[in-house]
Amino acid sequence: MAAAGDKKPLKRRGSYELIPPNMSELRVVLLGGSWAERRDVGNFILGEEGFNPKPQIFFRGSGTLEPEKKIAVINIEDPQVSTNDKLTKFIKDCERASHPGPHVFLLVH
């Protein structure tokens, strides 16, 4: 039995052909979890250590999936949303950060 520290890193599989041919960039917004968890998921999706190790309100990392296909991973600090006004502002911030809008909201737990 291998020790917990002996785990091999996961590898991405090639499923990028599922991206429609007319879509030049796939935008993924990471929500939930801690900054470190979202950073790790973002790095995994991008296939590199592109995310800043320090927490930020907003971070956008980009990578290339294949020629002419790009991916943007947006990591937004999840505020403690206690009112509808704060929730509305947060959603608008997500939209602005992933302009012209996100394709995927990925919940990290």
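For segment 48-66, the condition of being at pLDDT below 80, in a strand (DSSP E or B) and touching a strand residue (DSSP E or B) at 6+ places or on another chain (Cβ under 8 Å) holds for at least one residue.
Checked against the criterion of being exposed (fewer than 11 other Cβ atoms within 10 Å of the Cβ) and either closer than 20 Å to S24 by Cβ or not aromatic (F, W, Y) (or both), the candidates H109, H103 yield just one match: H109. Take N84 and tell me if it is surrounded by fewer than 11 Cβ atoms within 10 Å (Cβ to Cβ) and of a type outside the set (D, E, K, R). When the stated conditions are applied, N84 passes them.
Contact annotation: residue pairs with Cβ atoms under 6 Å, 6 or more positions apart or on different chains, pairing a residue in segment 68-96 that is closer than 19 Å to P55 by Cβ and modelled with pLDDT of 75 or more with a partner that is surrounded by 13 or more Cβ atoms within 10 Å (Cβ to Cβ) and hydroxyl-bearing (S, T, Y), are I74/S98.
Here is a yes/no grid of residues against (1) modelled with pLDDT of 80 or more; (2) surrounded by fewer than 13 Cβ atoms within 10 Å (Cβ to Cβ):
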residue: I19; (1), (2): no, no
residue: S24; (1), (2): no, yes
residue: W35; (1), (2): yes, no
residue: R39; (1), (2): yes, no
residue: F44; (1), (2): yes, no
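The values are calculated or read from the model by the stated rules, or taken from the named source; none is laboratory data. What you are looking at is a predicted structure, and each value in this text was computed from that prediction instead of being measured. Note that each Cβ is placed from the backbone with ideal geometry, even for glycine, and that neighbours are counted across all protein chains shown.
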